[in-house]
Amino acid sequence: MTYEQEMSAGHTCLAARDWIAAYHHFQTAHDLGHPVRSQRLAAHRAALEAAYHARHLGRFVYQVVFLGFASITSRDAKQRQ
């Protein structure tokens, strides 16, 4: 599947309240979209939402940390250019 297909599948799962499946789709989308900064950050935000709705503290904290890290490193890379 492509990044777009995984994100779409994740959002379909969110709408169906299948938080765990949504999280896994967003993680796969993250892996597929990792080379593209905006896609990587969008996948982290979507996975964060799924983790929140699933009330899965470990996954929620993981996404907060890595979303913050990705945002900071993205900003640093942009400033160096």
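Read-outs: derived from the displayed coordinates by stated rules, not from any lab. Owing to the predicted nature of the structure, the values given are computational and were not obtained by experimental measurement. Methodologically, a virtual Cβ is constructed for each residue, glycine included, from the backbone with ideal geometry; neighbour enumeration extends over all protein chains shown.
For the reader, a short list of remarks on this structure follows.
- Remark: ARG45, ARG37, ARG59, ARG17 ranked as ARG17, ARG45, ARG37, ARG59, counting other beta-carbon atoms within 10 Å and listing the fewest first.
- Of ASP18, ASP31, the sequence from fewest to most neighbouring Cβ atoms within 10 angstrom is ASP31, ASP18.
- Our summary gives the chain a relative contact order of 24 percent, counting only alpha carbon pairs under 8 angstrom and 6 or more residues apart.
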